[in-house]
Amino acid sequence: MMEWIRFALTAAFVLAGLVVCAIGVYGIFRFDYAVNRMHAAAVVDTMGISLCMVGFAISAPDLFSAMKIVLVIVFWWLSSPVASHMLARLEITTNEKRGENMNIHEMTLAQERLSRASEAEIEAEIKAELAGEPEKQDGEEEQA
Amino acid sequence: MAIDMAYQILLGFALLVLTALAIACLVRCIMGPGISDRVLSINVIGTLTVIMVSLTVVLLKEGYLADIALVYAMISFLAVIVLSKVYTGIYYERKHEEELQAARKTRNGEEDGE
């Protein structure tokens with residue numbers, strides 16, 4: 001009887017987790033911009049994985065592996081926000097038409113510019129690189 | 001005996017659904033217009049794979065597979081971080097190259113004018 005109660009709990013948690021995962025993956029197709037998609041993917045990363053893992057931990061073969069499965073949830077909850085943050089930074093940095101899809105506070109853009117280098121530094125760097133090149137090579141490149 | 005059968009049916013069904021979701025994510029990864037869409041799909045595929053590996057702990061009754069799930073979670077996290085960093089660096093490098101080209105053009109133009 002005890003075994004069947006465990007099975008019923010596992011089935012309930014795993015099926016709920018699968019439904020949540022399916023909703024998340026549907027969201028990845030439903031939304032049409034990367035940052036919106038990130039919002040849908042976070043559903044899989046938090047609720048989906050934790051429901052499934054709790055279901056598996058209930059009917060794991062021994063206590064030790066159940067604790068390791070719980071450790072996977074803890075690690076995922078710690079690492080997923082960091083990964084999402086890096087991904088959002090990649091999107092904000094590389095998408096040049098970002099203003100069309102979302103409102104970015106001007107402060108964010110100013111901070112991003114400062115994190116590279118100041119404008120004067122970039123200009124100085126370009127001048128230094130140009131000075132190092134022989135002049136004839138540039139002309140040949142243009143002719144070709 | 002009946003309980004083993006019930007577990008096999010439940011977990012087999014779960015495995016099928018997770019595989020279908022992972023394939024759907026792969027399609028999104030191929031379709032995705034930008035690089036961040038692709039990295040995002042890779043992240044979701046990693047999550048689904050960790051769930052699948054943990055499922056085999058219950059299906060095969062082998063405790064050591066939980067370690068594999070833990071290691072896979074770490075590798076998946078590292079992959080997303082490294083890919084984001086690398087593509088940000090590539091973007092900056094390309095932008096720098098474009099600025100260099102523009103500066104070269106203006107300098108050559110000035111010389112021709114003189």
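Any read-out appearing in this document is the output of simple, stated calculations on the displayed coordinates, not a laboratory observation. Just so it is clear, the structure is predicted and the values come from calculations on it, not from any experiment. Quick reminder, even Gly has a Cβ in these numbers, built from the backbone with ideal geometry, and neighbours come from all protein chains shown.
Worth a mention:
- Packing-based exposure ordering (other Cβ within 10 Å, fewest first) of B:80, B:44: B:80, B:44
- Inter-chain Cβ neighbour average for residues B:54-63, partner chain, 10 Å: 6
- Set of lysines near residue B:95 by C-alpha distance (under 29 Å), chain-local residues within fewer than 8 positions excluded: A:97, A:127, A:136, B:85, B:105
- Of all complete DSSP H helices in chain B, those with a Cα span along the helix axis of 30 Å or greater and a mean Kyte-Doolittle hydropathy of 0.0 or more are B:2-31, B:35-60.
- Alpha-carbon Debye profile of region B:2-113, log10 I(q)/I(0) at 0.15 Å⁻¹: -0.79
- For region A:1-77, the fraction of alpha-carbon pairs in successive 10 Å shells from zero, as %: 21, 40, 26, 11, 2
- Taken residue by residue and averaged, Cβ atoms of other chains lying within 10 Å of the Cβ of A:39-51 number 3.
- From helices alone, chain B scores -33500 deg cm²/dmol at 222 nm; the rule is -39500 (n - 2.57) for each run of n ≥ 4 DSSP H residues, then divide by the residue total.
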